[in-house]
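Data block below; observations after.
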Amino acid sequence: MLIAAPNDKAVVVNILTQSFDDNKSFNTVLKQDHKKQHKLRKIFEYQFDLCYKYGRVYLSDDKKACALILFPDIQKKTFADILSEIRLLLTLGIRVIKKSISRKAKIKEAHPSTNIYYLLFMGVYPDQQGKGLGSKLLKSIIEESEQLDRPICLETYLDKNIALYQKFGFSIYDELDFGFPVYCMKR
């Protein structure tokens with residue numbers, strides 16, 4: 001596992017954009033038009049910057065899988081962060097802003113009150129999925145969370161992801177309704 005550097009941002013954004021292209025959660029928020037890919041990239045660029053500053057960004061050794069980790073307890077709202085968030089929201093539009101703020105609040109409310117290791121996103125290039133890259137990355141993430149003595153929290157709606165995470169010791173601790181069930185899991 002590699003710690004991503006700022007010059008890895010394009011690779012991470014590419015992996016996540018391709019991995020989440022058919023994601024129900026994003027597709028219910030983003031308008032399905034010619035601008036969708038651009039907006040998805042902007043979301044992941046913003047998330048990269050956020051996690052780089054207030055967490056961790058990891059790449060697999062071959063740079064075909066990545067993970068964005070956030071430590072919400074160290075996240076501060078600086079003026080630069082607020083400007084960055086405003087730029088993202090202006091790119092996404094009012095409809096997306098309303099849904100995003102609502103979802104973010106529900107997720108935050110569901111998190112445990114302790115300091116967490118928040119696995120915000122993990123992605124593998126679609127043509128590389130099923131080859132163990134995600135599992136290998138997840139094992140390293142689990143090791144680090146144990147060293148930091150922080151429980152890992154994440155959300156997913158995909159049955160295959162639920163089964164994968166349960167295989168690694170995660171359990172469902174809450175269920176959110178975003179028009180479809182989203183499962184909050186922790187380890």
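Worth pointing out:
- Around LYS160: net Lys/Arg minus Asp/Glu count, Cβ-Cβ under 14 Å: 0
- Carbon/sulfur fraction of accessible area - the chain, other protein chains in place, 1.4 Å, %: 54
- Projected area, mean over directions - region 130-187, Cα convex hull, nm²: 4.1
- Dipole magnitude (debye, nearest 20) for the chain, charges at Cβ of Lys, Arg, Asp, Glu: 580
- Between ALA4 and VAL57, TYR58, LEU59, the built amide H atoms are under 5 Å apart, and every one of these is 5 or more places off in sequence or on another chain.
- Residue-averaged 222 nm ellipticity for the chain, from DSSP H runs of 4+ at -39500 (n - 2.57), nearest 500: -15500 deg cm²/dmol
- Entry for region 1-95 at q = 0.12, 0.17, 0.20, 0.22 Å⁻¹: log10 I(q)/I(0) = -0.40, -0.79, -1.05, -1.20, Debye formula applied to identical alpha-carbon scatterers, no solvent contribution.
- Note on region 78-187: along the principal axes its Cα atoms extend 39, 35, 28 Å, ordered by decreasing extent.
- Low-density loop cleavage sites - trypsin sites (Lys or Arg not before Pro) in region 1-78, where at most 15 other Cβ are within 10 Å (DSSP): LYS31, LYS35, LYS63, LYS76, LYS77
- When the Cα positions of ILE152, GLY130, SER100 are compared along the charge dipole of region 65-176, SER100 comes out farthest toward the positive end, with charges on each C-beta of Lys, Arg, Asp and Glu.
- Projecting the Cα atoms of LEU70, ALA5, LEU30 onto the charge dipole of the chain, computed from C-beta unit charges around the Cα centre, puts LEU30 farthest toward the positive end.
- Average accessible area per residue (Å²) across the chain - probe 1.4 Å, nucleic acids and ligands excluded: 53
- Once the gyration tensor of the Cα atoms in region 1-48 is diagonalised, the equivalent ellipsoid follows with semi-axes of 22, 10, 8 Å, ordered largest first.
- Here the average projected area of the convex hull drawn through the C-alpha atoms of the chain stands at 10.2 nm².
The values are calculated or read from the model by the stated rules, or taken from the named source; none is laboratory data. This is a predicted model, so every value here is computed, not measured. So basically every Cβ, Gly included, is an ideal-geometry build from the backbone, and we count neighbours across all protein chains shown. Keep in mind that these areas ignore ligands, DNA and RNA; they rest on the heavy atoms of the full protein, side chains included. Shrake-Rupley method; radii C 1.70, N 1.55, O 1.52, S 1.80 Å.
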